[in-house]
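Heads up: the structure comes next, in structure tokens.
The values are calculated or read from the model by the stated rules, or taken from the named source; none is laboratory data. Values in this document were obtained by computation on a predicted structure and should not be read as measured data. In this analysis, Cβ positions are derived from the backbone assuming ideal geometry, glycine residues included, and neighbour counts consider all displayed protein chains. The area values use the complete protein model at the heavy-atom level, side chains included, leaving out ligands, DNA and RNA. Shrake-Rupley method; radii C 1.70, N 1.55, O 1.52, S 1.80 Å.
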Amino acid sequence: MKILSFVFIFTIGLSFQISNAQTTISDPEIKKMVSEVSATNMEATINKLVSFGTRHTLSDTKSNTRGIGAAQRWVKAEFDKYALASNGRLTVKIDYFTVKADGKRIVTDSQLGNVMATLKGTDPTDDRVLIISGHLDSRATDVMNTTIDAPGANDDGSGVAALMEISRIMCRREFPFTIIFVAVVGEEQGLYGAKHLADQAKTENWNIVAMLNNDMIGNSLSNGTGLRDNINVRVFSETIPYLETEAEAKIRKATNRENDSPSRQLARYIKSTTNQYVDQLNIQLVYRNDRFLRGGDHTPFSQNGFTAVRLCEMNENYNHQHQDVRFENGTQYGDLPEFMDFEYMRKVTCANLASLSNLGWAPKAPTNVGIKINELTNFSDLVWTAPEGKKVYGYNVLIRETSSSHWEKTVFVKNTTATIPYSKDNYFFAIQSIDDLGHASLPVFPIPMK
């Protein structure tokens, strides 16, 4: 158990337990799961994916040794092996769908397929869903060349290997609600696999709590600068939600909550959970949806109103990204396994695993979270409604200065109200539910009320 120091503040009959971390209890089972993540396993997975020569979305689907079809069937077969330890809860399929020619990167109507492993929850009354993704397809310099070697070791064999390793570990445990591990296709051609899944989730009204997209998490060396960074990993999150309603925009402007979108709360959650469970890894919060000139599979989910983020290595090496495999002017080009840092990748995978597990065992988030603004005071009055479902042990009131990027203090309370000696003019707040093992829901930003 992680022990943190506490400061007790007594003011006018009120007492608070304040810590400088988002959660104060570590679950030994999550620690055990994190310890089971194997860099060796993931290296073997990436070597196998590379052995298919190319995994271009529009490459061969019939061969058993080369092309996207062979890769899809192999990933499904590996998921099927993991399912044997799940007591029938992990089910696997290749979800085929057709995309129309777009006059850009899809030249003819094509059948594509996402490889999905769904870990069914044990509580039939809990409809929440967690999703973790990586993209199975690869490319070389010419995005339309479907036959040339495109090993795709890091982009995005790393994301696929990570979600496979996480599914192998998580499917041996029981979680109350559904977790989906998906290797999508069509990313390099226009995010088609992710869009298909996100559109389906929207149409079928899935209750997606969080979507974690891992795209390039296995390189630590930056070309050009020569910097190596195996300590930091970026988490990208949108500022203003794509599907913000007029009423939500009005509240955002009234509270100046531009930095507190649901996706940004998820990013902070990953940071705090990583600090708690993963050694020698720091989450760098990047306050934009993605990088310039490129996109990721979290974006179709954001565009459909879901909470989604992208995890990506701190330094990118463009000699080994979207390049034909070649040796030129003394430099080896191509996305090959020998240029990856598997220990770094292991740590990023652990961050994903800890975050998914913590959310997977957490109670639902509180509802009707509000902050009273009916009087001038140097205290802040917060109120909320207890969530349905799993019993809540208590609540964390998260606190940070308005200029801070992450939560700085935590007030733990047992009730559904809190009056704390921090002015609402000077601080931002959020409320999260926790259970007796410290599993915490995503934070909820309060709405002004009188």
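Hey, got the dipole for the chain? About the Cα centre, +1 on K and R Cβ, -1 on D and E Cβ, debye to the nearest 20? Intermediate values should be presented prior to the final figure.
Numbers: 48 positive and 51 negative charges, 161 e Å.
Taking the Cα centre of the chain as origin, the dipole is about 780 debye.
Pairs of Cα atoms under 8 Å, at least six residues apart: use those to get the relative contact order of region 311-447, whole percent. Don't skip to the answer; put the middle values down first.
On the way: 235 pairs, mean separation 32.4, N = 137.
Averaging sequence separation for qualifying contacts and normalising by length gives 24 percent for region 311-447.
Report, to the nearest 10°, how far helix 68-83 tilts away from the longest principal axis of the Cα atoms in the chain, using its own Cα long axis and a range of 0 to 90°. Once rounded, one gets 50 degrees. Near P300, once Lys and Arg are set to +1 and Asp and Glu to -1 for all other residues with Cβ below 14 Å from its Cβ, the sum equals -3. The mean of 1/r over all pairs of different alpha-carbon atoms in region 329-410, once inverted, gives a Kirkwood hydrodynamic radius of 17.7 Å.
Think of region 375-434 as having a plus end and a minus end, set by charges on the Cβ of Lys, Arg, Asp and Glu; of I431, A386, P421, A386 sits farthest toward the positive end of this dipole.
For the chain, the solvent-accessible area with a 1.4 angstrom probe is 41 square angstrom per residue.
Annotation: peptides 61-70, 391-400, ranked by per-residue average of other Cβ atoms within 10 Å with the highest first, follow the order 391-400, 61-70. Here's the picture: charge each Lys and Arg Cβ at +1 and each Asp and Glu Cβ at -1 in the chain, and of S38, P300, T255 the one pushed furthest to the positive end of that dipole is T255.
In plain terms, the C-alpha convex hull of region 277-423 casts an average shadow of 13.4 nm² when viewed from every direction. Length available on full extension from F379 to K48: 0.36 nm per residue minus the Cα-Cα distance, which gives 113.3 nm.
Across the chain, the mean sequence separation of Cα contacts (distance under 8 Å, 6 or more residues apart), normalised by length, yields a relative contact order of 18 percent.
As a rough guide to protection, the peptides 370-382, 132-144 ranked by mean Cβ packing within 10 Å, highest first, stand as 132-144, 370-382. Among 288-296, 354-362, the peptide with the highest mean count of other Cβ atoms within 10 Å heads the list, and the full ranking is 354-362, 288-296. Shown for region 50-105: the carbon plus sulfur share of the solvent-accessible area, taken with all protein chains present and a 1.4 angstrom probe, equals 51%.
Relative to the dominant Cα principal axis of the chain, helix 157-170 is inclined by about 60°.
Could you state the per residue volume, in Å³, of the convex hull enclosing the Cα atoms of the chain? Intermediate values should be presented prior to the final figure.
Details: hull volume 64.3 nm³, N = 450.
That works out to 143 Å³ per residue.
Compared with the dominant principal axis of the Cα atoms in the chain, helix 39-50 is inclined by about 40°. Taking every alpha-carbon pair under 8 Å whose residues sit at least 6 apart, region 369-450 reaches a relative contact order of 39 percent.
Tally Lys/Arg at +1 and Asp/Glu at -1 over every other residue whose Cβ is under 13 Å from the Cβ of T245; what's the total?
Working: positive: K250, R252, K253; negative: E244, E246, E248.
My count for the surroundings of T245 gives 0.
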